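Here's the structure, in structure tokens; my notes come after.
Each reported figure results from applying straightforward, stated rules to the coordinates on display, with no laboratory input. Just so it is clear, the structure is predicted and the values come from calculations on it, not from any experiment. For neighbour counting, all protein chains shown are included, and Cβ atoms are generated from backbone atoms with ideal geometry for every residue, glycine included.
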Amino acid sequence: MESSPPRKKSSILPPGKENWITKNPFEEFGTFAASASDLPLDQIVQSTGAVMDRIRRGYEKLLEEEAKELVWMVQYNTIIKAYEVAEKYVKEIDYTAEDIEDFCFALENTQRIPYLIPGPAGVYISALCNYTKEEEIVLKLSELKTEINLIGFRLPKAKRLMIEGDTGDFTGIGLEGGELVIEGNAKNWTGAGMRGGKILVKKNIGLHTGEWMMGGEIYVGGKVRGLGNIVEGKVFEREKLVYPGKVRYPNLYY
Amino acid sequence: MRKNGYQKQARGIYQFISEHLYFNRPDMEIKGEQFNSAILLSLLTGLKKGKELIIGEPGLGKTTSAEYVCSIIYQFPLGVIWGSEVSGHPEQTEEKIIGRPDLGKLNRGEEDVVWTNFSQIPAKIVDEINRLPETKQSMILDGVDRGNWEYLNEMIINDEYCLFATANYQDGGTNTIIAPLVDRFDVMVESRYPGANLSFLIGKDKRKDHILRHPKYEKDLYLILKSKIAYEKKISKMEEVCNAYGEYLDEVLGVKPYRRQDRDQIRTEMESLEWDLDASAFTRMILAELSFCERYGQKRVVENCEEGCHYTGYLCHQIKNCASNRLPSSIKQYAQGLAWLLEDSEIDIEHIKTVVPYALAHRIQWKEEILSQKERSKRDDPLPIFLAKEAVKTVSQRYREQSEHLKDALAVGSRIFQGGDLTPLEGDHPLYLEVKKDIDARKN
């Protein structure tokens, strides 16, 4: 059989442009007039910077009003008062959950924020969490050197705060129905005075757990070092109910 | 857009179903108007010749909602719709779904096919599709995709068809729907519990199904479907009966269904609606995030993200698979439908934001860590739709911040394509790299 020589591939493209993709995938944007605006990243950095300045100023005001001598005693009244001051500043700022996390890091890593006092810082962060628009807040604090106290103070219903890392004393005190998840350890007086909601500590928890708690549940994935005087509510240790239970004496659990 | 009252008619159908047949709560809002997603998307599916997967708990109206929409949009009495449904079960066969040999003729040595009602009528419903074993799901792939139904050496082609499939949540009797079949569905929607009070009303009232029944027309249509005339002739004969049934619905129930020529006209009107620049750029942004991988060139379900990848903040880092080419087509279809219904002159970003979660929910495979992180979040939607809505919110936020620069980058891309000596714009989003890749491909 006679074989015909291979035919040259015909092309519908202009000579020399055979390899070009002729279809312009951006055709509809051909008439879009490019604006001489700032780079979007610059705008983002600028607006984030402005928000952070406002959050920082609020914290400084709180320190000025509540910790003049750089000493802050944790007493019921001082916490309430500090929270009221924090609330006042926080309500005026338009921020997101991400800004809260940035603020936590700025507390340790920037010269612009003068002092990290774990108590007021915790009250202020709690206020930020309670007033942010987002219902779910995740704070990655595992790289912070300081364990912040009072995180989750008065966390309201329908809010879920997740902390990646350890927290200090008085975690989740006065919880008002929210859900607080600590991926690491929590120290003493966790859940003290909480009225409702749920605290979930994935690792261990310290002494006086649930002191004067009035409702809600505390779940501990590790060990409970000691229970406080609990009025009402439930405490679970590794899924086992330890309060209400036979052993009710504060800090004499083992 | 032409004012011919078709949109008003569509709203009338929506209202009739909502008030008399499928009690529900609105669960989506667009441009200040509230709709129930199951009815709205079913309506668009019927009008746009789409494919919809309806999920939900047993007894919450998945199948009935589809039946009502099919009956009114295509003017088929409910009895015919019932008689044309395919139900998913492990014993299902090609003969029950598509067609069987004509046994009488076979005895005479002739080969002929008796087509099922399902393969012949334009409104197709597959009930409990996930009860079909995976191996049998592939039987309907081609029909679902192209409307081609083949048996022995014969084939019928549905010029006009839409498909509704219902699926229960996973239980002992369900199978997973195979990925190629899932991808063929344009949208997934949940038929939801209407709330205790509306549910109480449903229980209190007599069944409303009968209002869409018409035994005479049902009998006529069955006779046509059973007859041995050519499929094209059957279609035109069926249309006559359907039109008579449509007139009955208009006169007796006050709801005016669409005739075939109305539906064709509506589709032409929908097709003429184009994207505005924001809708186009936003959709490109979503598609880029759902397909981009800096390391391996594109997302692949068999490849994992590298540790410390620069693009961890984008959706590509949260998902396992790559967006298919059917996704933009589904988005466009339903956005066109929605824009038409709202009498808008173009597809804008609001239409896109509304339809994308439903077009995306069944197609994305999220990474395990994302699922475990979000499954306990407070939400109203089933997890896949919730996650898709969250993803759209995240991308919208990014689009708000970057839209001008992104459109600039696309405009520069266009000018380079037209021969302009410009440098592509830089940016952090994967779409900038995609623009560059297209430009490089053009140059090489």
When all alpha-carbon pairs of the stretch B:77-132 are counted, what percent fall beyond 19 Å? 37 percent
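With both partners inside the protein assembly as shown, how many of the DSSP beta bridges are antiparallel, as a percent to the nearest 5? Kindly include the intermediate steps, with their values, before the conclusion.
Working: 15 of 57 bridges.
Around 25 percent of the beta bridges assigned by DSSP in the protein assembly as shown are antiparallel ones.
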Relative to chain B, whose Cα atoms define the longest principal axis, helix B:277-289 and its Cα axis are tilted in degrees, nearest 10, by 80 degrees
Classify the stretch B:277-443 from the C-alpha gyration tensor, please: rounded if a/c falls under 1.5, else prolate or oblate depending on whether a/b exceeds b/c. oblate
Most positive-pole-ward Cα, A:Val220, A:Gly168, A:Gly197, against dipole of the stretch A:131-236 from beta carbon charges: A:Val220
Separation of alpha-carbon centers, the stretch B:398-412 and the stretch A:122-196, rounded to whole Å: 38 Å
Expressed as a whole percent, how much of the Cα-Cα distance distribution for the stretch B:6-271 exceeds 26 Å? 41 percent
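How big is the Cα convex hull of the stretch B:290-364 in projection, averaged over all directions, in nm²?
Values: hull surface 22.3 nm².
Taking a quarter of the hull surface, the average projection is 5.6 nm².
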Using a Cα-Cα cut-off of under 12 Å, which aspartates and glutamates could be cross-linked to A:Lys159, ignoring same-chain neighbours fewer than 8 residues away? A:Glu134, A:Glu135, A:Glu136, A:Glu176, A:Glu179
Taking Cα atoms only, helix B:260-271 is inclined relative to the longest principal axis of chain B by an angle, in degrees rounded to 10, of 0 degrees
What are the extents of the Cα atoms of the stretch B:358-444 along their three principal axes, in Å, largest first? 52, 26, 21
Would you list B:Trp149, A:Trp212 from fewest to most Cβ contacts within 10 Å? A:Trp212, B:Trp149
Report the one residue of B:Pro424, B:Ala411, B:Ala361 whose Cα lies farthest in the direction of the positive end of the charge dipole of the stretch B:277-443 (charges on C-beta: Lys and Arg +1, Asp and Glu -1; origin at the Cα centre). B:Ala361
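Using the count of nearby Cβ atoms within 10 Å as a rough guide to exposure, how do B:His310, B:His214 rank from fewest to most?
B:His310, B:His214
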What's the center-to-center distance, using Cα atoms, between the stretch B:254-320 and the stretch B:86-117 in Å? 39 Å
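Using only helices, what value at 222 nm comes out for the protein assembly as shown when you add -39,500 (n - 2.57) per DSSP H run of length 4 or more and divide by the total residues, to the nearest 500 deg cm²/dmol?
Working: 24 runs with 289 residues, N = 698.
Estimated from H runs of four or more residues: -13000 deg cm²/dmol.
Work out the length of the dipole vector of the protein assembly as shown about its Cα centre, built from +1 on the beta-carbon of each Lys and Arg and -1 on the beta-carbon of each Asp and Glu, and round it to the nearest 20 debye. Walk me through the intermediate numbers first.
On the way: 94 positive and 107 negative charges, 260 e Å.
Computed charge dipole of the protein assembly as shown: roughly 1240 debye.
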Taking the alpha-carbon centroid of each part, what is the distance from the stretch B:419-443 to the stretch B:369-390 in angstrom? 34 Å
Considering only lysines 8 or more places apart in sequence, or on different chains, count the pairs in the stretch B:277-443 whose C-alpha atoms sit under 19 Å apart. 21
What fraction of the DSSP beta bridges in the stretch A:40-243 is antiparallel, stated in percent and rounded to the nearest 5? 15 percent
Please get the size of the charge dipole for the stretch A:40-243, origin at its Cα centre, with Cβ charges of +1 on Lys and Arg and -1 on Asp and Glu, quoted in debye to the nearest 20. 600 debye
Compactness index (Cα Rg / 2.2 N^0.38 Å), chain B: 1.05
Would you mind ranking B:Asp440, A:Asp102 by Cβ crowding within 10 Å, fewest neighbours first? B:Asp440, A:Asp102
When you look at the Cβ of every residue in B:402-409, what mean number of other chain Cβ atoms sits within 10 Å? 5
Inverting the mean 1/r over all pairs of different Cα atoms, compute the Kirkwood radius of the protein assembly as shown and quote it in Å. 29.6 Å
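Using the crude model of +1 on Lys and Arg Cβ and -1 on Asp and Glu Cβ, and no other charge, please compute the dipole size for the stretch B:1-106 relative to its Cα centre, in debye to 20.
Details: 13 positive and 12 negative charges, 132 e Å.
Rounded to the nearest 20 debye, it is 640 debye.
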Taking all pairs of distinct alpha-carbon atoms in the stretch A:40-243, Kirkwood radius in angstrom: 16.8 Å
